[in-house]
Amino acid sequence: MSINTFGHLFRVTTWGESHGPALGAAVDGCPPGIAIDESMLQHWLDLRKPGTSKYTTQRREPDAVKILSGVFEGQTTGTPVQLMIENTDQRSKDYSEIMEKFRPGHADITYWQKYGIRDYRGGGRSSARETAARVAAGGLARAALSALAPEIEIQGFMTQIGPHGIDRSRFDAGQIGQNPFWCPDAHAAEAWAGYMDALRKSGNSVGAIIEVVAKGVPAGLGAPIYGKLDTDLTAAMMSINAVKGVEIGEGMAAALLTGEENADEIFIGPDGKPVYSSNHAGGILGGISTGQDIVVRFAVKPTSSILKTRATITKSGEAAEIITKGRHDPCVGIRAVPVAEAMMACVILDHILLNRGQIGGAVGETRGRIG
């Protein structure tokens, strides 16, 4: 039995394949009365859709989303919202040569080992095309967040492509939408363009690191042990196609720090709320949000479909060689940025609803109200 649903109260079930007639998401648990229409969702889908630059797959999909249920007179009704995106530019013949072979680094072989059948046309459910449905659901989550917690802002960006990282001293959020890499460093973006031009022309691919930050998140979201906010955020990001590692705040780098260096010192601000000297924790302690920025970072592996000959085996176990033709992202991490933002929005909304259901307006107190 496949598990295609994530979330607790705000639950998203995605469906469909890369080369099927359509794909989409069924969203259950969205609060009623949220203003939404297809154009609001389309805004986010247009940021993810293929063919937007020479550094992404040249598959031409409009990714036009349709709302089939759960919305009446421009507002959610509280019933399931069904979202559909039709596939219009499939070229399944591009995959005919890999019908009997497994692409190294791809889920082809594990799908076959588990199910005894696989959709070789673009990888079926293992294709990054599945993430279009997540972005549509994330658009709905953003609309709900705008109504329930308008102070929350979510922004993703790339910090590294292959071996080339950004210089954080040149970080400029205004640059993120000004280049095809979602890069906050204009100098790095220029260097990445030359690097990616050469890589793309060679038929190879490369990985990337993406960071997504949620600002304005209230303190108190998440629950101890098995309901941790960072547990759900990590699972959400790890579920994105091609992601191989996720970290919160300092993440793996925290192992290099001493306790003195890692401790985010706490003070009381002029408004009576806690302020911190730093944010090594990434806005989460004990699985519960601190009120600081939530910082999540993840690594995306290189695209497995490349124009380079690789050794593999056939379904019958014979040795073979494979080269993957067709239209593929030389760096799938580029289009993972809006997907990461969508997953962050879905998880944060889910935990706001969980928190509201458990404690309502209650706020923790320590020598006065500091929530």
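The values are calculated or read from the model by the stated rules, or taken from the named source; none is laboratory data. Keep in mind that this is a model prediction, so the values were computed, not measured. We place every Cβ from the backbone using ideal geometry, glycine too, and count neighbours over all the protein chains shown. Only protein heavy atoms, including side chains, enter the accessible area calculation; ligands, DNA and RNA are left aside. Shrake-Rupley method; radii C 1.70, N 1.55, O 1.52, S 1.80 Å.
Please report the net charge: other residues with Cβ closer than 11 Å to the Cβ of residue 142, K and R +1, D and E -1.
-2
Carbon and sulfur: what percent of the chain's accessible surface (1.4 Å probe)?
Within the chain, the accessible surface is 55 percent carbon and sulfur.
Set the bar at 29 Å for Cα to Cα. Now go through 54/315; 49/228; 201/301; 66/301; 201/244 and name every pair that lies beyond it.
As for pairs spanning more than 29 Å Cα to Cα, those are 54/315; 49/228; 66/301.
Suppose each label sits 7 Å from its Cα in the direction of the beta carbon; what would the residue 187-residue 100 distance come out to in nanometres?
About 5.4 nm separates the two model spin labels.
For the chain, with equal point scatterers placed on the C-alpha atoms only and solvent neglected, what are the log10 I(q)/I(0) values from the Debye formula at q = 0.06, 0.08, 0.13 1/Å, to two decimals?
Listed by q, the Debye log ratios stand at -0.24, -0.43, -1.10.
Taking 0.36 nm per intervening residue step and subtracting the Cα-Cα distance, what contour gain separates residue 293 from residue 316 on full extension?
Stretched out fully, the residue 293 to residue 316 stretch lengthens by 3.2 nm.
Let me check the size of the stretch 253-293 from its C-alpha atoms; what are the radius of gyration and Dmax in Å?
11.0, 34
Is the shape of the stretch 292-333 best called rounded, prolate or oblate, per the rule: a/c under 1.5 gives rounded, else a/b larger than b/c gives prolate, else oblate, with a ≥ b ≥ c the square roots of the Cα gyration tensor eigenvalues?
Note, shape of the stretch 292-333 comes out prolate.
Quick one: if you stick a label point 7 Å off each Cα along the C-beta vector at residue 9 and residue 271, how many nm between them?
Simple spin-label model gives 2.3 nm for this pair.
Taking a point 7 angstrom from the Cα of residue 308 along the C-beta vector, which residues in the stretch 182-197 have backbone N less than 15 Å away?
It comes to 196-197, nothing else.
Per residue, how many Å² of accessible area does the chain show with a 1.4 Å probe?
47 Å²
Percentage of Cα-Cα pair distances in the stretch 1-44 greater than 13 Å, rounded to whole percent?
The proportion of pairs with Cα distances above 13 Å equals 68 percent.
Suppose every K and R has +1 on its Cβ and every D and E has -1 on its Cβ; what is the size of the dipole of the chain about the Cα centre, in Debye to the nearest 20?
Here the chain has a charge dipole of around 1180 debye.
Between residue 215 and residue 35, take the C-beta separation as r, use R0 = 35 Å, and let me know the FRET efficiency to the nearest 0.05.
About 0.95, to the nearest 0.05.
Longest exposed-loop-site-free stretch of the chain, with GluC sites (Glu not before Pro), DSSP loop and at most 15 other Cβ within 10 Å?
152-264
Residue 256 to residue 79: extension gain in nm, 0.36 nm per residue of separation minus the Cα-Cα distance?
58.9 nm is the gain from fully extending residue 256 to residue 79.
Multiplying the sequence separation of residue 113 and residue 325 by 0.36 nm and subtracting their Cα-Cα distance, what value in nm do you get?
So the extension gain works out to 73.9 nm.
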